[in-house]
Structures are given as C-alpha cells and as structure tokens.
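Heads up: the structure comes next, in structure tokens.
The values are calculated or read from the model by the stated rules, or taken from the named source; none is laboratory data. All values reported here derive from a predicted model rather than from experimental measurement. In this analysis, Cβ positions are derived from the backbone assuming ideal geometry, glycine residues included, and neighbour counts consider all displayed protein chains.
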C-alpha cells in the first residue's frame, strides 16, 4: 500500500514538473515573439533622428495602421524606456492575450480602455498592459521604486496620435491590492471628480507636488505589481 501511495505521489510530482516546464516554455516563446515584434515595429515606424524636431514626425502611423487598424496612438516614457503603439478594441479583454499583430500571445499589448478616445479625452483616460517580468510592456514601471525616477526632473508621459500630441505630468504613483475603484472614466459632478483626485493623490508613494483640479484631464496607467496587487500611475494633461 505504501508503495502505491509513493508511486502516486511521485507521478503527481512528475506531472506538476512537466506542467511547470510547459508553462515556462510557453512564456519564453511569448516573450521571444513579443520582443521580435517590438524590434520590427520600431525599425519600421519609429524614427529617432537628429533632424526630426516634431514628435509626430517620429512615428509613421500609416504603417502602424497597416499592421493593426485598431492603433489609436503611441506612448513614450523617456525615463522608463516605455515606447510602444497603443491599440483599442471593443472590450478590455482582447489585448490581454493578443499581440499588436493580433496573434495570440499571453504577453498581450498596451491598450486603451474601450470607453476612452484619445482624440476626445474624458476626465480619466485609462491605459492597460501586463507587467512582464522581462520589463516589456508596462513591466519596467515597477523599477521606478528602485531607480532615481523620483529624483528626476522629468515625470512626463507622452502620448502621440495621428492628429495631436499630449504631455502628461505624473502626480500619483502607487501599488494597491487589486481593485477597480480608480477605473472610473467620467464623473457626474466636479465634486465627485475632485474626491476621486484626492483619493488617488493620497495613495501616492511620492509627493510630486502637482496641483490637479476639476477641469484637468488625466491618464491612468494600470498594470500588475504582483499576483495580488496593481501598480498604478496617474498623470494630468499639461500640454
């Protein structure tokens, strides 16, 4: 009887090891495909040249639309090496498991909340992405806690679209147990929006000393900090 129990236990452990190995191999394959796609996209559409002075000239949106007609913009955080096109689908699930070229990939992509439109900003405009361990997508945001980001003079997030470009200044940065209380896009009254702003400012791990009022437009970046927490950044439109 003991031999049977031992045999079953060993089989279960072996099966668990095989399953873990399978998942690791899948992660590595997704990671490889994502990194190759990122390199190809930047080579094709992103042009960082000394003679280019306008931000909109950096990005060839026509080529991006050829790859994915759900492209809505481009996000750049210069202090954090985030530099990707943004997409939007009819729901907030598709790009959790699909890459920019719409191939199935658990690395997903950076996407705008389906309720938002970068050409007509709401009070709160939300952008999501996975926090990949290798630092891709929004994975590098968690490194902010370990580098000199807070000491830097540049706390800006840049959003480029085919028709306009935005500069947002960060005013709140934190990680929190998974919740959806920061994912409201519109507010019934100015007071409701101001209460929301005060709540998310009070959560911040750092005092950015940035004033935000009821007339401001903000963006929210949301990603995973770990299996139980979200990492969130809020920034207000300044240009």
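Among the residues here, residue 176 does not qualify as within 18 Å of the chain's Cα centre (by Cα) and more than 25 Å from residue 121 (Cβ to Cβ). The residue list 70, 56, 48 contains one member that is more than 30 Å from residue 189 (Cα to Cα), over 11 Å from the mean Cα position of the chain (by Cα) and at pLDDT 95 or above, which is 70. The residue that is farthest from residue 211 (Cα to Cα), counting only those in the stretch 107-127 that are in contact with a helix residue (DSSP H, G or I) (Cβ under 8 Å, 6 or more places away or on another chain) and outside any loop (DSSP other than H, G, I, E, B), is 111.
Among the numbered conditions (1) at pLDDT 90 or above; (2) under 16 Å from the mean Cα position of the chain (by Cα); (3) farther than 30 Å from residue 153 by Cβ; (4) surrounded by 20 or more Cβ atoms within 10 Å (Cβ to Cβ), the only one that residue 34 does not meet is (1). Residues that are assigned to a strand (DSSP E or B) and either without any contact (Cβ under 8 Å) to a residue 12 or more places away in the chain or closer than 18 Å to residue 155 by Cβ (or both) within the stretch 214-235 comprise 218, 219, 220, 221, 222, 223, 231, 232, 233, 234, 235, listed in sequence order. Residues that are surrounded by 14 or more Cβ atoms within 10 Å (Cβ to Cβ) and assigned to a loop (DSSP other than H, G, I, E, B) are absent from the stretch 165-179. Evaluated against (1) closer than 15 Å to residue 76 by Cα; (2) out of contact with any strand residue (DSSP E or B) (no Cβ under 8 Å at 6 or more places or on another chain); (3) in a helix (DSSP H, G or I), residue 143 falls short on exactly one condition, (1). Scanning the stretch 180-206 for residues that are under 22 Å from the mean Cα position of the chain (by Cα) and part of a loop (DSSP other than H, G, I, E, B) yields 180, 181, 182, 183, 184, 185, 186, 203, 204, 205, 206.
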